[in-house]
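Taken together, the values in this text are just the output of simple stated rules run on the coordinates, not laboratory data. This is a predicted model, so every value here is computed, not measured. As a convention, Cβ positions derive from the backbone with ideal geometry for all residues, glycine included, and neighbour counts pool all protein chains shown.
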Amino acid sequence: MMDLDGPCRKGGVGVAGRIPHIELKVMIPGEGGTTDARRSFTLLERLMTLLAQLEAGALGSAGSTWGIERLQLGSVMTVLTPNRLAEDATGDLMADLAEWAISGFSATEEGESLPEHWPPAAIDTGVELSKQLGLLESDGMTLELLTDGRTRRRVVVTRRSADNLQKVVRRRRTSIGSVIGRLESITVHNTLKAGLWTERGGRRVEVGFTREQKESVQHALGKRVEISGMLTRDARDRAISIKMRRIEQLPEQHLPLEGIAGADPDLTGGLEAAEHVRRLHDAS
């Protein structure tokens, strides 16, 4: 276990200078002998996952560990403290992770909002964690951030956090906009829809179009395009769908689609690249 009152270990290397002793106190209610062990361990495991996801959101990866400094049974009460820090982590960052976990749950207990510093994976974990809890504070999980033994911040997490997070994640907003990507699929049977894979994030966006636009969409199949129209985004500002008003073919950024035959003359069977892609789609 690392003693943050002494030198802080960063990637196994001592760093001189006193760093405040950071602790994250976790209390899961239950009278003596009645606490559900599996539920308690599940909550603690998801809390540790959440802290790792917050670290990955800040650094790009997670490698720090937390040690158990104290453990009390009956009502499960444990005090966690940073144990071994990842190469790029610092004592200040570890304190921030605990702060972000508590402030995030404080926000979700109060209303429908996405916590600051929480990447999408952490939001999903927050939902899973708080789903295990009751709606009353007496059935919640208490988190306290302690600095040198003094409580700096505290929150009681309940099922309310899961409900509020799920509501805000399902929230949609629509505005005029555009999205750039590659048109990879088209459906023209019951409904007129196409699938566009975005250049940024690699997400599939559903494209709705009219019969009058059908020919231009088919002609763009397999190509890099920009589609403009009524764009729907989720609460994380990710494009979900677009009702097309205009489609514009864009030049390729890397290897042009027309260069497929040049890379392997037999790959397309002598067909133009766009026609080859269309036939692959029709055969699927």
Q.
Let me check I've understood the local charge: for Ser130, count other residues with C-beta under 10 angstrom from its C-beta, Lys and Arg +1, Asp and Glu -1. What total comes out?
A. +1
Q. Within the set Lys193/Lys223; Lys25/Lys167; Lys131/Lys167, which residue pairs have Cα atoms separated by over 24 Å?
A. Lys25/Lys167
(Q) So for each of 238-244, 195-201, 49-55, 210-216 I average, over its residues, the number of other beta carbons within 10 Å; can you give me the resulting order with the highest mean first? (A) 49-55, 238-244, 195-201, 210-216
Q. Taking amide H positions as placed 1.01 Å from N in the peptide plane, with prolines and chain starts having none, which residues 5 or more places from Glu69, or on another chain, fall under 5 Å of its amide H?
A. Val79, Leu80, Thr81
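Take Ser175, Ser61 and order them by how many other Cβ atoms sit within 10 Å, fewest up front.
Placing the least packed residue first, the sequence is Ser175, Ser61.
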Q.
For the pair Glu110/Met48, report the inter-label distance in nm, with labels modelled 7 Å from Cα in the Cβ direction.
A. 3.1
Q. Using only Cα atoms, what Kirkwood radius does the stretch 172-253 have, in angstroms?
A. 12.5
